[in-house]
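S.K.: To start, I am sharing the structure in question, which I have written as structure tokens.
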Amino acid sequence: MAQRAIDRAALPHPPRVSYEEWLTRPEDAGQSEWVDGEVIEFMPPKTIHQAILVLLGKLVGLFVEIRGLGSVFVAPYEMRLANSAREPDLLFVATKHLDRIDANRLTGAADLAVEIISEDSVARDRVAKFAEYEAAGVGEYWIVDARPGREAVEWFGLGADGRYAAILPDAEGRLRSVVLPEFWLDPAWLRREPLPDALPLLLRIAPDSLRAALADPDA
């Protein structure tokens, strides 16, 4: 039996809210983002999502700290763009852009945004946020897919044409950042069970800087 096509225009749509209304949502409301009048709610993250976020937060955060490169934030923390308010899992703001940060949020593009894909975020992270971050001028976008059987790590850098291009692994399989000079990551680290500790990895990434920081905390 032929099925009648669904008239999507006739389907009910959630009410649109202003950015100011979204900001006043109850404290016990679920985690969400605001996109051009629509509230995007998402499921609580799974254990592997949080474990990878903690590892990346330590690696990037400590690297940025010992190099004096800027500031690192982890979700939930708002990045206010032209028509959206997103909460990347992790973001980095370079020293020269710290004036974009106030007591409440980052207004404008981060230099680096990281999203860890969950079951409900595939299209949001790979399509919607990819386009938004590219248009906003986020210098690098890292996508980490930690779903069992779909594990992948993809890095994209913003070119002179304002478009993202894939950052390809080097001969040793390492991804090397442009916005974080001399920072690199072996994607295989994020597939280990259990995940490795951050400090030994950081010692491989930035041995001289880490040893100097540990030897003289006031340096």
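S.K.: Which numbered condition trips up TRP22, out of (1) touching an Asp or Glu at 6+ places or on another chain (Cβ under 6 Å); (2) at pLDDT below 95?
M.R.: (1)
S.K.: Is at least one residue of segment 190-198 touching a Lys or Arg at 6+ places or on another chain (Cβ under 9 Å), more than 27 Å from ASP36 (Cβ to Cβ), of a type outside the set (D, E, K, R) and assigned to a helix (DSSP H, G or I)?
M.R.: Filtering segment 190-198 down to residues touching a Lys or Arg at 6+ places or on another chain (Cβ under 9 Å) leaves 197-198.
Narrowing further to those that are more than 27 Å from ASP36 (Cβ to Cβ): 197-198.
If we keep only those that are of a type outside the set (D, E, K, R) as well, we get 198.
Among the residues that remain, those that are also assigned to a helix (DSSP H, G or I) are: 198.
Yes, segment 190-198 contains a residue that is touching a Lys or Arg at 6+ places or on another chain (Cβ under 9 Å), more than 27 Å from ASP36 (Cβ to Cβ), of a type outside the set (D, E, K, R) and assigned to a helix (DSSP H, G or I).
S.K.: Answer yes if at least one residue in segment 81-91 is more than 16 Å from the chain's Cα centre (by Cα) and touching a residue at least 40 places away in the same chain (Cβ under 8 Å), and no otherwise. I'd like the intermediate steps shown before the answer.
M.R.: Kept after step one, since they are more than 16 Å from the chain's Cα centre (by Cα), are these residues of segment 81-91: 82-83.
Still in the list and also touching a residue at least 40 places away in the same chain (Cβ under 8 Å): 82-83.
So far as segment 81-91 goes, yes, one or more of its residues are more than 16 Å from the chain's Cα centre (by Cα) and touching a residue at least 40 places away in the same chain (Cβ under 8 Å).
S.K.: Within segment 77-99, how many residues turn out to be buried (at least 17 other Cβ atoms within 10 Å of the Cβ), under 21 Å from GLU65 (Cβ atoms) and out of contact with any Pro (no Cβ under 7 Å at 6 or more places or on another chain)?
M.R.: 9
S.K.: Test GLY37 against the stated conditions and say whether it is more than 26 Å from LEU210 (Cβ to Cβ), surrounded by fewer than 20 Cβ atoms within 10 Å (Cβ to Cβ) and among the small types (Gly, Ala, Ser).
M.R.: Numbers: more than 26 Å from LEU210 (Cβ to Cβ): yes; surrounded by fewer than 20 Cβ atoms within 10 Å (Cβ to Cβ): yes; among the small types (Gly, Ala, Ser): yes.
So GLY37 fits the description; yes.
S.K.: Okay, moving on. Scan segment 53-91 for residues that are among the hydroxyl-bearing types (Ser, Thr, Tyr) and over 17 Å from TYR133 (Cβ atoms) and jot them down. I'd like the intermediate steps shown before the answer.
M.R.: So in segment 53-91, the residues among the hydroxyl-bearing types (Ser, Thr, Tyr) come out as 71, 77, 84.
Correct list: SER71 only.
S.K.: Look through GLY173, GLY157 and report the one residue that is in contact with a strand residue (DSSP E or B) (Cβ under 9 Å, 6 or more places away or on another chain) and either free of Cβ contacts under 8 Å to residues at least 24 places away in the same chain or on the phi > 0 side of the Ramachandran plot (or both).
M.R.: Values: GLY173 fails: in contact with a strand residue (DSSP E or B) (Cβ under 9 Å, 6 or more places away or on another chain).
Answer to the check: GLY157.
S.K.: Mind telling me which of the residues VAL72, VAL64 ends up being of a type in the set (Val, Ile, Thr), assigned to a strand (DSSP E or B) and over 24 Å from ARG16 (Cβ atoms)?
M.R.: After applying the criteria, what remains is VAL72.
S.K.: To continue, here is another question. So the check is Cβ under 7 Å with 6+ separation or different chains; which pairs have a first residue in segment 31-58 that's more than 19 Å from MET79 (Cβ to Cβ) and a second one that's among the hydroxyl-bearing types (Ser, Thr, Tyr) and at pLDDT below 95?
M.R.: Filtered contacts from segment 31-58: MET43/SER118; LYS46/SER118.
S.K.: Which numbered condition in (1) at pLDDT 95 or above; (2) in contact with a Pro (Cβ under 8 Å, 6 or more places away or on another chain) is the only one that SER118 fails?
M.R.: For SER118, the failing item is (1).
S.K.: Being of a type in the set (D, E, K, R) and surrounded by fewer than 13 Cβ atoms within 10 Å (Cβ to Cβ) narrows it down to one residue among ASP111, ASP197; which is it?
M.R.: Working: ASP111 fails: surrounded by fewer than 13 Cβ atoms within 10 Å (Cβ to Cβ).
Being of a type in the set (D, E, K, R) and surrounded by fewer than 13 Cβ atoms within 10 Å (Cβ to Cβ) holds for just one of ASP111, ASP197, which is ASP197.
S.K.: Something else: Output the number of residues of segment 133-165 satisfying the condition of being surrounded by fewer than 21 Cβ atoms within 10 Å (Cβ to Cβ) and in a helix (DSSP H, G or I).
M.R.: 3
S.K.: Kindly establish whether ASP216 is at pLDDT below 95 and farther than 18 Å from LEU59 by Cα.
M.R.: Details: at pLDDT below 95: yes; farther than 18 Å from LEU59 by Cα: yes.
Taking the combined requirement at face value, the residue satisfies it.
S.K.: For the condition free of Cβ contacts under 8 Å to residues at least 40 places away in the same chain, within 20 Å of LEU62 (Cα to Cα) and of a type in the set (Lys, Arg), what is the one hit in ARG105, ARG204, ARG163? Before the answer, list the steps.
M.R.: Numbers: ARG105 fails: within 20 Å of LEU62 (Cα to Cα); ARG163 fails: within 20 Å of LEU62 (Cα to Cα).
Exactly one residue qualifies, and that residue is ARG204.
The values are calculated or read from the model by the stated rules, or taken from the named source; none is laboratory data. Because the structure is predicted, anything quoted here is derived from the model rather than measured. When we count neighbours, we look across all protein chains shown, and the Cβ atoms used for this are built from the backbone with ideal geometry, even at glycine.
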